[in-house]
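Written below as structure tokens is the structure these notes are about.
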Amino acid sequence: MIDGAEAIRKLALNVARYTGLAPLARPFVGGIGAILMLHRVTATPEKPNSVNRHLNIAPAFLDKLIADMKERGYAFVALDEAIERIGAGGKHGQFATITADDAYRDNMTEALPVLEKHGAPITIYVAPGLIDGAVDLWWEVIEDIVDTGSHLTLKTKRGSTVVDCSTPGRKIQTIARLNAWLTLEVPEEEQGAALRELARSNGIELGTGRPGTLMSWDEIRRVAAHPLVTIGAHTINHRNLKRLSEAEARHETGDVRRILMERLGAEPRHFAYPYGYPSAVGCREVGFARDAGYVSAVTTRHGVLRAEHAGFLHALPRISVNGRYQSVAHIRTMLSGVTTPLANAGKMVVTI
């Protein structure tokens, strides 16, 4: 099912492509490079038709995309070198660096062989709470809860409500409703307890994490030793920093460096804000990442990199490579830079 916003975005991509606007604009607005954002990379998703399928791309698509970008002159570099190239104003030609959020296991088993083929580095952002099972991949849990029956009970401060999720369309509506409830109504620190109560009240007992979906610590240590892999930080518990007090947000942003040092033997130099959109990261949160000592921090704002980003290394945009736009032509259009102002109210230099 394609929602209205997705249809509009695809229409804009196709208009830019078929009118010739994207290739014409690229020399003027294509910037100096791009940070690509991945989540899952697998040829065999557990739920190929799920609401969360946009988080997944196929390894074959990643292979085609990297090959196409290299053919068009992009150099794939590690994030440390990407930061150096931003500081140099892109003097050495267009570049790309690949990032992946959450440390999904298929990043190691299915994405890494593709990256090895092309010699393309990747930065994987790790949230220790997700790996330990202290917090859940709530977007997956909500979908599991909705998929189990035709109705569910939702208890909020306003009382208990029975929600109809008996049809595919109503399941999608229910998932959207639960997403909004959990991320907007429930306090961030209470999210885990609320999720577990939602599961329990609907006959589901949550275990510890999702074994096999995310890497284990042993696997993260193994992949961290790979010459193409850099490990970054993604807070301790994948929290929306903007919804936390200053003390809690600084704890999530800064203390994760110590935890990853203890677990992996090296402090992370790079950071990714969970969610990364405007309601999750602003000037305050950028200050926390800078104060914590990170060399860079990335958002999920859509945009290519420009020389001006040398002054905004803790608020860098990314190009999302996801299941909604699993087309080399679509990514070409995004990399042309023409979609950057379209997605950001006219801004060419996207920060926060």
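The values are calculated or read from the model by the stated rules, or taken from the named source; none is laboratory data. Quantities reported herein were computed from a predicted structural model and do not represent experimental measurements. Cβ sites come from the backbone with ideal geometry, for glycine too, and all protein chains shown count toward neighbours. Remember, those area values only see protein heavy atoms, side chains included, never the ligands or the DNA or RNA. Shrake-Rupley method; radii C 1.70, N 1.55, O 1.52, S 1.80 Å.
Among the residues of region 91-149, which ones are over 18 Å from the mean Cα position of the chain (by Cα) and part of a strand (DSSP E or B)? F95 - this is the single residue of region 91-149 that is over 18 Å from the mean Cα position of the chain (by Cα) and part of a strand (DSSP E or B).
Within region 83-102, residues that are free of Cβ contacts under 8 Å to residues at least 24 places away in the same chain have Cβ atoms under 8 Å from residues that are assigned to a helix (DSSP H, G or I) and crowded, with 18+ Cβ neighbours inside 10 Å in these pairs: K91/R85; H92/R85, counting only partners at least 6 apart in sequence or on another chain. Scanning region 186-201 for residues that are closer than 15 Å to S279 by Cα, in contact with a Lys or Arg (Cβ under 9 Å, 6 or more places away or on another chain) and either among the aliphatic types (A, V, I, L, M) or exposed (fewer than 12 other Cβ atoms within 10 Å of the Cβ) (or both) gives a single hit, P187. Considered as a group, the residues in region 342-352 that are of a type in the set (A, V, I, L, M) and assigned to a loop (DSSP other than H, G, I, E, B) include one that is nearest to L11 (Cα to Cα), and that residue is A345.
If you go through region 229-244 one residue at a time, do you hit one that is crowded, with 19+ Cβ neighbours inside 10 Å, modelled with pLDDT of 95 or more, charged (D, E, K, R) and farther than 15 Å from H314 by Cβ? Looking through region 229-244, at least one residue is crowded, with 19+ Cβ neighbours inside 10 Å, modelled with pLDDT of 95 or more, charged (D, E, K, R) and farther than 15 Å from H314 by Cβ. Within region 284-341, the set of residues being assigned to a helix (DSSP H, G or I), buried (at least 22 other Cβ atoms within 10 Å of the Cβ) and aromatic (F, W, Y) comprises just one member, F288.
When residues in region 273-283 are screened for being more than 13 Å from the chain's Cα centre (by Cα) and surrounded by fewer than 23 Cβ atoms within 10 Å (Cβ to Cβ), 4 of them pass. Scan region 48-67 and tell me whether some residue there is farther than 27 Å from D144 by Cβ, touching a residue at least 40 places away in the same chain (Cβ under 8 Å) and crowded, with 21+ Cβ neighbours inside 10 Å. Yes, region 48-67 contains at least one residue that is farther than 27 Å from D144 by Cβ, touching a residue at least 40 places away in the same chain (Cβ under 8 Å) and crowded, with 21+ Cβ neighbours inside 10 Å. Residues in region 157-177 that are modelled with pLDDT of 95 or more and among the polar types (S, T, N, Q): S166, T167, Q173, T174. I'd like to know if region 255-268 contains one or more residues that are open to solvent by less than 10 Å² (accessible area, probe 1.4 Å) and either over 17 Å from A134 (Cα atoms) or outside any helix (DSSP H, G or I) (or both). Scanning region 255-268, I find at least one residue that is open to solvent by less than 10 Å² (accessible area, probe 1.4 Å) and either over 17 Å from A134 (Cα atoms) or outside any helix (DSSP H, G or I) (or both), so the answer is yes.
Does I32 satisfy the criteria of being among the hydrophobic types (A, V, I, L, M, F, W, C), touching a strand residue (DSSP E or B) at 6+ places or on another chain (Cβ under 8 Å) and touching a residue at least 60 places away in the same chain (Cβ under 8 Å)? So I32 fits the description; yes. Taking the criterion of being in contact with a strand residue (DSSP E or B) (Cβ under 8 Å, 6 or more places away or on another chain), more than 15 Å from E197 (Cβ to Cβ), open to solvent by less than 40 Å² (accessible area, probe 1.4 Å) and in a helix (DSSP H, G or I), the only residue of region 155-178 that qualifies is T174. Restricting attention to region 19-47 and to residues that are of a type in the set (D, E, K, R) and open to solvent by 40 Å² or more (accessible area, probe 1.4 Å), the residue that is nearest to V304 (Cα to Cα) turns out to be R26.
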